[in-house]
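Student: Here's a structure for you.
Each value in this text was obtained by applying a stated rule to the coordinates, not by laboratory testing. None of the values given here were measured: they were computed from a predicted structure. Neighbour counts run over all protein chains shown; Cβ positions are idealised from the backbone, glycine included.
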Amino acid sequence: MSMAQHLAEITDQQFADISELVKRLTGINLHAGKKELVKARLAKRTRQLKLGSLEEYIGFVRNDKSGRELVSMLDALSTNLTFFFREPAHFNFLKDRILPDIKGRNTKRLRIWSAGCSSGEEPYSIAILLNECIPDLDRWDAKILATDLSTRVLSIAMRGEYAKQRFRDTPGQLVQRYFDVVQTSPSKIYRTGPRIRKIVHFARLNLVEPWPMKGPFDVMFCRNVMIYFDKPTQNRLVKRYYDLLAPGGHLFLGHSESLTGTKHQFRYVMPATYVK
Ligand SMILES: C[S@@+](CC[C@H](N)C(=O)[O-])C[C@H]1O[C@@H](n2cnc3c(N)ncnc32)[C@H](O)[C@@H]1O
């Protein structure tokens, strides 16, 4: 058996053990269809650590008392696809409906949470909209909290450097206004400018663990995250979101997610959009 084949072997028992561990720690459901993906991603991690087999790798995770390799394993298993202004209906609703109401309150305070922010495109898109819609934003107490389980994507988010492909749904003038070009060749790289950086605060947070924030939040984005959780975990999370939102506050989910079949107190507004 070649080294590559050897590394990629994963028994049903190993897969079941890993799924159980990941489910317990993060809520993420690695159903049987994910076996190939788990195999490929953990084989890569096994090679990076120069270990001989997946079995050795699993032993290594279990014996690492610092918990660091567990974090790396969860990083390797999470799916982080995202891009700027993904699912634009939510951004239009924020711009046209939510922000005008909040501006009318005259408190100049705004709290938004991007839960499961991945590499930062979602919270930075929100920050761009706030700058576009609130001319005196500098005089506001406005903060966007952006959290994720994965330290790998958070470090990309904090660096804030993106290739052109990430902007496929972003008007060119917004890219010019809010990003600096930091590399032109062999391909262009854009870095988030200070006006959007200063209102976004990144932190690692596992959604199924206790949350340190007190809220209340005016808006929560939790898009394309709960899709990986089972129904009881989703029910618990939705209840916790409700409790942390201000009355009249909005919750956005991903467009393939909805609260149908979930016990909740929200009022439906439009697809994947709810209000407290
Ligand atoms: C597909 S991305 C969604 C990014 C962005 N919200 C969007 O819609 O474009 C899902 C993110 O959820 C994060 N995630 C998964 N389980 C999590 C958990 N238990 N706690 C916090 N974040 C989690 C993953 O690390 C990943 O970055």
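Student: Note the angle between two axes, namely the Cα long axis of helix 231-244 and the longest principal axis of the Cα atoms of the chain, as a number of degrees from 0 to 90, rounded to the nearest 10.
Tutor: The angle comes out near 30 degrees.
Student: Pull up the DSSP beta bridges for the chain and report the antiparallel fraction as a percent, rounded to 5.
Tutor: 40 percent
Student: Hey, another quick one. Which cross-chain or sequence-distant (5 or more) residues have an amide H under 5 Å from the amide H of Leu245, H modelled 1.01 Å from N in plane?
Tutor: Phe217
Student: Now for a different question. Taking 41 Å as R0, compute the FRET efficiency from the Cβ-Cβ separation of Arg24 and Met158 and round it to 0.05.
Tutor: Once rounded, the FRET efficiency stands at 0.90.
Student: Measure nothing fancy, just the Cα-based angle from helix 68-77's long axis to the longest principal axis of the chain, in degrees from 0 to 90, nearest 10.
Tutor: 80 degrees
Student: Under a 5 Å amide H to amide H cut-off, with H placed in plane at 1.01 Å, what residues pair with Asn224 once short-range neighbours are removed?
Tutor: Counting only residues 5 or more places away or on other chains, the set is Gly254.
Student: Which whole-Hz ³J(HN,Hα) couplings does the stretch 200-216 yield from phi under the Karplus relation 6.51 cos²θ - 1.76 cosθ + 1.60, θ = phi - 60°, glycine and proline marked x?
Tutor: Values per residue, Gly and Pro as x: 9, 10, 9, 7, 7, 8, 8, 4, 8, 9, x, 9, x, 7, 9, x, x Hz.
Student: What's the percent breakdown of Cα-Cα distances in the chain across 10 Å bins, shortest bin first?
Tutor: Reading the bins upward from 0: 6, 27, 31, 23, 11, 2, 0.
Student: Right, next: Have a look at Leu207, Ile98, Gln173 and report the one farthest towards the positive end of the charge dipole of the stretch 67-223, computed about the Cα centre with Cβ charges (Lys/Arg +1, Asp/Glu -1).
Tutor: Farthest towards the positive pole: Gln173.
Student: Whole angstrom only: what separates the Cα centroid of the stretch 167-185 from the Cα centroid of the stretch 220-254?
Tutor: 31 Å
Student: Using θ = phi - 60° and the Karplus curve 6.51 cos²θ - 1.76 cosθ + 1.60, what whole-Hz ³J(HN,Hα) does each residue of the stretch 101-116 get, with Gly and Pro shown as x?
Tutor: Once rounded to whole Hz, the list reads 4, 5, 5, x, 6, 6, 8, 6, 10, 8, 10, 10, 10, 9, 9, x.
Student: Still on this structure, I have one more. So how tilted is helix 12-26 from the main axis of the chain? Cα-based, degrees 0 to 90, rounded to 10.
Tutor: Orientation of helix 12-26: about 30 degrees from the principal axis.
Student: Let me ask something else. Suppose every Lys and Arg Cβ carries +1 and every Asp and Glu Cβ carries -1, with no other charges. What dipole size does the chain come out with about its Cα centre, to the nearest 20 debye?
Tutor: For the chain, the charge dipole is close to 580 debye.
Student: How much mean residue ellipticity at 222 nm does the chain get from its helices, if each DSSP H run of length 4 or more adds -39500 (n - 2.57) and you divide by all residues, to the nearest 500 deg cm²/dmol?
Tutor: Computed ellipticity for the chain at 222 nm equals -12000 deg cm²/dmol.
Student: Stick to Cα atoms and the Kirkwood definition of Rh, then tell me Rg/Rh for the stretch 134-276.
Tutor: So for the stretch 134-276, dividing Rg by the Kirkwood Rh gives 1.00.
Student: Considering all projection directions equally, how large on average is the shadow of the alpha-carbon convex hull of the stretch 102-210, in square nanometres?
Tutor: Result: a mean projected hull area of 7.8 nm².
Student: As I understand it, the dipole of the stretch 3-77 uses +1 on the Cβ of Lys and Arg and -1 on the Cβ of Asp and Glu, about the Cα centre. Which of Ala43, Gln13, Ala32 lies farthest toward its positive end?
Tutor: Farthest along the dipole direction, towards plus: Ala43.
Student: Let me ask you something else. Ranked highest first by average number of other Cβ atoms within 10 Å, how do 11-18, 154-161 line up?
Tutor: Ranked by mean Cβ neighbours within 10 Å, highest first: 154-161, 11-18.
Student: Which listed residue (Cys133, Gly261, Ser78) has the Cα farthest towards the positive end of the charge dipole for the chain, taking +1 on Lys and Arg C-beta and -1 on Asp and Glu C-beta about the Cα centre?
Tutor: Selected residue: Cys133.
Student: Between Glu69 and Arg240, 0.36 nm times their residue separation minus their Cα-Cα distance comes to what?
Tutor: So the extension gain works out to 58.7 nm.
Student: Related question: State, as an integer percentage, the relative contact order of the chain based on alpha-carbon contacts under 8 Å between residues 6 or more apart.
Tutor: 17 percent
Student: While we're on this one: Dipole of the stretch 1-98, Cα-centred, from +1 at each Lys and Arg C-beta and -1 at each Asp and Glu C-beta, to the nearest 20 debye?
Tutor: 300 debye
Student: Whole-Hz ³J(HN,Hα) for each residue in the stretch 40-56, computed from phi via Karplus 6.51 cos²θ - 1.76 cosθ + 1.60 with θ = phi - 60°, x for glycine and proline: what do you get?
Tutor: So the Karplus estimates, Gly and Pro as x, are 5, 6, 6, 5, 4, 5, 4, 5, 4, 8, 6, 8, x, 7, 4, 4, 4 Hz.
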